[in-house]
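Just below is one structure, and these are the notes that go with it.
The values are calculated or read from the model by the stated rules, or taken from the named source; none is laboratory data. Please read all numbers here as calculations on a predicted model, not as lab measurements. Reconstructed Cβ throughout: ideal geometry from the backbone, glycine too, with neighbour counts over all protein chains shown.
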Amino acid sequence: MMKISIFDRRRFVRLIFALSLGLSFLGTANVAWSVHDRVRTEMRQFHDFLRDHPRIATDLRNNPNLVYNRRYLERHDELDRFLSRHPAVRREVADNPGRAFGRYYTSNDYYARWPHR
């Protein structure tokens, strides 16, 4: 029977740990990118919604926190339904209005990457 030294065991344990850590990061990156892609897709749908509702678009640009204003949402049922189906859009508009209403989601470069427009 072959004896394994303590040094070899430690090296083996470190190798297994490093491999499992590396593989866990691969899975995390995919989740993060898929969430990012989903938010971008939902923001694109939101911009389509705003194009059809110019008064709401103006209101939200002037006061992005209206996405949390219950009284405003009661007067705009379509917006309330949209934000209920897309909670990430609500957070993005309130937390990053410059990005939500700027060129980040509406640039031609962004749309060029989405041929299913």
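Report yes if F101 is modelled with pLDDT of 90 or more and either surrounded by 13 or more Cβ atoms within 10 Å (Cβ to Cβ) or aliphatic (A, V, I, L, M) (or both), otherwise no.
no
For every residue, the table says whether it meets (1) over 30 Å from V93 (Cα atoms); (2) in a helix (DSSP H, G or I); (3) modelled with pLDDT of 60 or more.
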{"site": "I4", "(1), (2), (3)": "yes, no, no"}
{"site": "R14", "(1), (2), (3)": "yes, yes, yes"}
{"site": "F17", "(1), (2), (3)": "yes, yes, yes"}
{"site": "L21", "(1), (2), (3)": "yes, yes, yes"}
{"site": "L26", "(1), (2), (3)": "no, yes, no"}
{"site": "H36", "(1), (2), (3)": "no, yes, yes"}
{"site": "F46", "(1), (2), (3)": "no, yes, yes"}
{"site": "F49", "(1), (2), (3)": "no, yes, yes"}
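Taking the stated definitions as given, is N69 loosely packed, with under 11 Cβ neighbours inside 10 Å, more than 20 Å from H36 (Cβ to Cβ) and not β-branched (V, I, T)?
No: the conditions fail for N69.
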